[in-house]
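A short worksheet on the structure shown next.
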Amino acid sequence: MRKLLLILLLASPCFGAGPKHSFQDPLINDELINVYKDIKNPQINYTSISSATISSGSITNLTVTNINGSAYTAIVAGQLPATATNDNAAAGKLGEYLYNFVGNVPATSGVYIAISTITLTAGDWDVSANCLIAPDAGTVVFTVAVCYVTATPGNNTTGLIQGDNDAEPTINNANNGNANITGAIPAVRVSVAGSTPYYLKIRANWTTSTVSIYGRISARRVR
């Protein structure tokens with residue numbers, strides 16, 4: 001039977017677009033579909049296929065109960081299935097998460113330091129960050145505090161867009177002494193065509209004593 005159906009498929013002018021003809025016997029129809037799938041997609045393993053209609057090179061109303069050994073769940077419009085446990089999305093997959101935290105790095109007044117970095121692969125990402133500037137000892141008088149995310153390392157402001165990809169914590173009397181300064185950068189869309197390092201850069205200006213910085217940069221693949 002399968003050899004006969006294979007001959008029919010190969011002889012059909014619309015074979016490249018899929019089997020077009022149907023038979024009155026549903027068992028033959030099912031077998032026709034099975035043969036076609038085996039030829040076009042040999043990597044797919046299925047348990048059963050039913051309720052299929054073949055017309056104009058398209059297969060509609062297809063019900064699949066098992067693919068590659070896993071139960072198949074139909075996707076409802078607007079309702080994408082999610083993981084059912086505390087695992088991680090694989091690299092390149094929707095939901096992939098990147099994270100890097102570095103702490104207790106000595107800072108230099110007035111100098112931007114790329115404290116932490118992640119490498120984004122091609123795709124659409126939401127990048128966010130958190131920064132902390134901490135006096136080590138004594139009385140510290142801060143005048144400037146800035147942190148931002150960028151694809152450019154070094155002591156510069158390349159890529160800095162105020163109000164978009166940065167945080168500039170308010171400095172007041174509470175920060176003059178031994179109080180920490182913190183800043184958070186909400187998700188910023190970053191779309192890259194190839195592997196691109198992204199940096200969290202922190203700068204603080206102060207007088208007297210020493211300061212350490214801490215920072216986390218993370219990204220979630222959204223597309």
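Considering each of Asp166, Asp136 in turn, give the residue that is modelled with pLDDT of 90 or more and of a type in the set (Asp, Glu).
Asp166
Can you find a residue in the stretch 162-174 that is loosely packed, with under 12 Cβ neighbours inside 10 Å and under 22 Å from Ala122 (Cβ atoms)?
No, the stretch 162-174 contains no residue that is loosely packed, with under 12 Cβ neighbours inside 10 Å and under 22 Å from Ala122 (Cβ atoms).
Which of the residues that make up the stretch 104-121 are in a strand (DSSP E or B) and crowded, with 19+ Cβ neighbours inside 10 Å? First the steps, then the outcome.
Kept after step one, since they are in a strand (DSSP E or B), are these residues of the stretch 104-121: 104-106, 113-120.
Once the filter is applied, which keeps residues that are in a strand (DSSP E or B) and crowded, with 19+ Cβ neighbours inside 10 Å, the stretch 104-121 yields Ile113, Ala114, Ile115, Ser116, Ile118, Leu120.
The values are calculated or read from the model by the stated rules, or taken from the named source; none is laboratory data. Here the structure is a predicted model, which means the values were calculated and not measured. Note that each Cβ is placed from the backbone with ideal geometry, even for glycine, and that neighbours are counted across all protein chains shown.
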